[in-house]
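Peer 1: This is the structure I want to talk about, given as structure tokens.
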Amino acid sequence: MNKVEEKILELALKQTPSAEVLYDEGKSRSVSFENNKLKYVSTKSIRGIGLRVIKDGRIGFSSTTDFRKPDELVAHAIESAKFGQIAAFEFPSKNHFPKIAVFDQQVIDYPIHQCVDIGKEAIAKALSVNSGYECGVSMGKGHGMRRLINSKGLDISIASTSFSFGIEILEVKGQSLLWIGEGESSRGLVTDLNKHLDKALQSLTLAQKELKLKTGVYPVVVTAKAMGNLLATFESGCNGKLVQKGASPLTNRLGEKILDERVSIYDDSTIDMADSSYPWDGEGVPSQRTPLFEKGVLKNYIFDLQTAGIMKAKSTGNGGRSFGSQPSPGNANVTVEPGNMTLEAMIKDIKYGVLVDQVLGGGQSNILAGEFSVNIDLGYLIENGEIIGRVKDCMIAGNAFEVFNNIVAIGDKAEWHGSTKVPPFYFQAMNIAGNAE
């Protein structure tokens, strides 16, 4: 037993028959441009261990990045168990895990100076369109290794990679600010920044004309990029921890039709190269595709082992954690089934309404209750099926449960934004606080 994680497990088992050790290591490199200039190139490394024990029926936990005193780590975990939760689970034993692609050697081999070159080229292209733009570019790559061992004989490890980039363009016109952000992330190598730059420049062109909008109720198309705020209610509502505490509005509603029958939402950690994919979660439970809503009907909550045990349910493989924390239920990749209407057709269908492409923060949202009230950071006025300019200083408001039962159509193409893959949605009516007298 020459590895520190094995030594720690050996020491823990002298004091309790149930223990688990999680070892994490990772290295990341990133490049950042601000105000059209290179700001920094940085490198970060981390290595740590988390020890979870079940002692006298209670959970204890401790973590460290200092591997010189394993005895202290074990002692702290054992001591904390005196005040820990009563364990409602047992550590999992050996299992069969799906083969999920989460590693790309190209990410590790990709030279960081090329990230610098790509950033410079993107900014030069943007400034050739308008020398007054203030541009920011961020690019980053990382790789890591995770090993999980426990008292049941489980011993699994995995290497993973990540790559991301984004571009932001700010245009200042007098007292008016216009900000556009586009980007992409993956566990594999993605370097086509030009595609996202072109989209940002197109958005800037569409937003040149600023228009007034009266407060009222309008048909609204929300692009894939802006759908995250609206989906947050359903992601949070399906979290087993909130269900266990009775804080979720979806508690005791499994099998009920909650949303429009065209809406199907899944939590899926089995998608090759997606941001939040993995073959096993932070507790060694196999990954899976979990239906949250199918045809509008609430199908499942997501669980880690402890929450599932308390709820007399089964873990869905959503025990998210780092070495420095205990597991808790968390979403993997959230995917929404596409519909059958193009974004262009949605716009053409609207006589007078709004296209929302970016929202600013969470506003006065009460996510759990479904209430949202968010500023439209980037929105366009649609008249007779055409985008005629930008609306600013406006806000959309409503209840997610109501608007998701007030759908005209769902887009036919879903896009990745972080770990969410969602199509645009065309809502029949949404409250908008306007900027016109």
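The values are calculated or read from the model by the stated rules, or taken from the named source; none is laboratory data. Here the structure is a predicted model, which is why all the values come from computation and not from measurement. For neighbour counting, all protein chains shown are included, and Cβ atoms are generated from backbone atoms with ideal geometry for every residue, glycine included. Remember, those area values only see protein heavy atoms, side chains included, never the ligands or the DNA or RNA. Shrake-Rupley method; radii C 1.70, N 1.55, O 1.52, S 1.80 Å.
Peer 1: Condition test on Lys225, is it under 16 Å from Arg390 (Cβ atoms), under 24 Å from the mean Cα position of the chain (by Cα) and basic (Lys, Arg)? Walk me through it before giving the result.
Peer 2: Working: under 16 Å from Arg390 (Cβ atoms): yes; under 24 Å from the mean Cα position of the chain (by Cα): yes; basic (Lys, Arg): yes.
Yes.
Peer 1: If Glu383 satisfies all but one of (1) farther than 24 Å from Phe89 by Cβ; (2) open to solvent by 30 Å² or more (accessible area, probe 1.4 Å); (3) without any contact (Cβ under 8 Å) to a residue 40 or more places away in the chain; (4) in contact with a helix residue (DSSP H, G or I) (Cβ under 6 Å, 6 or more places away or on another chain), what's the number of the condition it fails?
Peer 2: Looking at each condition in turn, Glu383 falls short on (4).
Peer 1: State the number of residues belonging to region 319-362 that are without any contact (Cβ under 8 Å) to a residue 60 or more places away in the chain and either open to solvent by less than 10 Å² (accessible area, probe 1.4 Å) or assigned to a strand (DSSP E or B) (or both).
Peer 2: Adding up the residues that qualify gives 3.
Peer 1: Return yes when His196 is at pLDDT 95 or above and out of contact with any Lys or Arg (no Cβ under 8 Å at 6 or more places or on another chain) and no when it is not. Full working, then the answer.
Peer 2: Numbers: at pLDDT 95 or above: yes; out of contact with any Lys or Arg (no Cβ under 8 Å at 6 or more places or on another chain): yes.
Yes, satisfied.
Peer 1: Looking at region 275-318 only, could you name the residues that are under 22 Å from Ala232 (Cα atoms) and part of a strand (DSSP E or B)?
Peer 2: Of region 275-318, the ones under 22 Å from Ala232 (Cα atoms) are 275-278, 281, 287-304, 307-308, 315-318.
Listed by number, the residues that qualify are Arg289, Thr290, Pro291, Leu292, Phe293, Glu294, Val297, Leu298, Ile302.
Peer 1: With the structure loaded, tell me whether Thr223 is open to solvent by 10 Å² or more (accessible area, probe 1.4 Å), in contact (Cβ under 8 Å) with a residue 12 or more places away in the chain and closer than 19 Å to Met346 by Cβ or whether it fails that test. Don't jump to the end; show me each part of the working.
Peer 2: Details: open to solvent by 10 Å² or more (accessible area, probe 1.4 Å): yes; in contact (Cβ under 8 Å) with a residue 12 or more places away in the chain: yes; closer than 19 Å to Met346 by Cβ: yes.
So Thr223 fits the description; yes.
Peer 1: May I pose another question? Take the residues of region 386-401 that are out of contact with any strand residue (DSSP E or B) (no Cβ under 7 Å at 6 or more places or on another chain) and not in a strand (DSSP E or B): which is most open to solvent (accessible area, probe 1.4 Å)? Walk me through it before giving the result.
Peer 2: Pass one, region 386-401, residues out of contact with any strand residue (DSSP E or B) (no Cβ under 7 Å at 6 or more places or on another chain): 386, 393, 401.
If we keep only those that are not in a strand (DSSP E or B) too, we end up with 393, 401.
Values: Asp393: 113, Phe401: 37 Å².
For region 386-401, the residue satisfying everything is Asp393.
Peer 1: Test Lys241 against the stated conditions and say whether it is touching a helix residue (DSSP H, G or I) at 6+ places or on another chain (Cβ under 6 Å), open to solvent by 10 Å² or more (accessible area, probe 1.4 Å) and assigned to a helix (DSSP H, G or I). If you could, list the steps in order and put the result at the bottom.
Peer 2: Values: touching a helix residue (DSSP H, G or I) at 6+ places or on another chain (Cβ under 6 Å): yes; open to solvent by 10 Å² or more (accessible area, probe 1.4 Å): yes; assigned to a helix (DSSP H, G or I): yes.
In short, yes.
Peer 1: Please name all residue pairs, on different chains or six or more residues apart, with Cβ atoms under 9 Å, provided the first residue is in region 418-435 and is free of Cβ contacts under 8 Å to residues at least 40 places away in the same chain and the second residue is of a type outside the set (A, V, I, L, M, F, W, C) and open to solvent by 20 Å² or more (accessible area, probe 1.4 Å).
Peer 2: none
Peer 1: Check off (1) within 27 Å of Gly339 (Cα to Cα); (2) open to solvent by 70 Å² or more (accessible area, probe 1.4 Å) for Val263 and give me the number that stays unchecked.
Peer 2: (2)
Peer 1: Testing Asn252 on (1) without any contact (Cβ under 8 Å) to a residue 24 or more places away in the chain; (2) within 29 Å of Ile167 (Cα to Cα); (3) part of a loop (DSSP other than H, G, I, E, B), one condition comes back false. Which one is that?
Peer 2: Going through (1) without any contact (Cβ under 8 Å) to a residue 24 or more places away in the chain; (2) within 29 Å of Ile167 (Cα to Cα); (3) part of a loop (DSSP other than H, G, I, E, B) one by one, Asn252 breaks only (2).
Peer 1: Just for region 206-220: of the residues that are open to solvent by 80 Å² or more (accessible area, probe 1.4 Å) and in a loop (DSSP other than H, G, I, E, B), which one is farthest from Gly353 (Cα to Cα)?
Peer 2: Initial filter on region 206-220 (open to solvent by 80 Å² or more (accessible area, probe 1.4 Å)): 209, 212, 214-215, 217.
Among the residues that remain, those that are also in a loop (DSSP other than H, G, I, E, B) are: 209, 212, 214-215.
On the way: Lys209: 16, Lys212: 12, Lys214: 11, Thr215: 12 Å.
By that ranking, first place goes to Lys209.
Peer 1: Then there's this: Give all pairs with beta carbons closer than 9 Å in which a residue from region 3-26 that is on the phi < 0 side of the Ramachandran plot meets a residue that is open to solvent by 70 Å² or more (accessible area, probe 1.4 Å) and of a type in the set (Ser, Thr, Tyr); count only pairs at least 6 apart in sequence or on separate chains.
Peer 2: Tyr23/Ser157; Glu25/Ser45; Gly26/Ser45
Peer 1: For the list (1) under 27 Å from Gly183 (Cβ atoms); (2) outside any strand (DSSP E or B); (3) out of contact with any Ser or Thr (no Cβ under 9 Å at 6 or more places or on another chain), I need the number of the one condition that Phe427 fails.
Peer 2: Result: Phe427 passes all but (2).
Peer 1: Among the listed residues Lys37, Lys44, Lys99, Lys55, which satisfies the condition of being modelled with pLDDT of 95 or more, among the charged types (D, E, K, R) and open to solvent by less than 90 Å² (accessible area, probe 1.4 Å)? First the steps, then the outcome.
Peer 2: Working: Lys37 fails: open to solvent by less than 90 Å² (accessible area, probe 1.4 Å); Lys44 fails: open to solvent by less than 90 Å² (accessible area, probe 1.4 Å); Lys99 fails: open to solvent by less than 90 Å² (accessible area, probe 1.4 Å).
Testing whether each residue is modelled with pLDDT of 95 or more, among the charged types (D, E, K, R) and open to solvent by less than 90 Å² (accessible area, probe 1.4 Å) leaves just Lys55.
Peer 1: Using the structure shown, decide if Pro111 is at pLDDT 95 or above and either buried (at least 19 other Cβ atoms within 10 Å of the Cβ) or farther than 22 Å from Gly183 by Cα (or both).
Peer 2: Taking the combined requirement at face value, the residue does not satisfy it.
Peer 1: Need pairs with beta-carbon distance below 7 Å; first residue open to solvent by 90 Å² or more (accessible area, probe 1.4 Å) and within region 69-86, second in a loop (DSSP other than H, G, I, E, B); sequence gap 6+ or separate chains.
Peer 2: Ile86/Gly57
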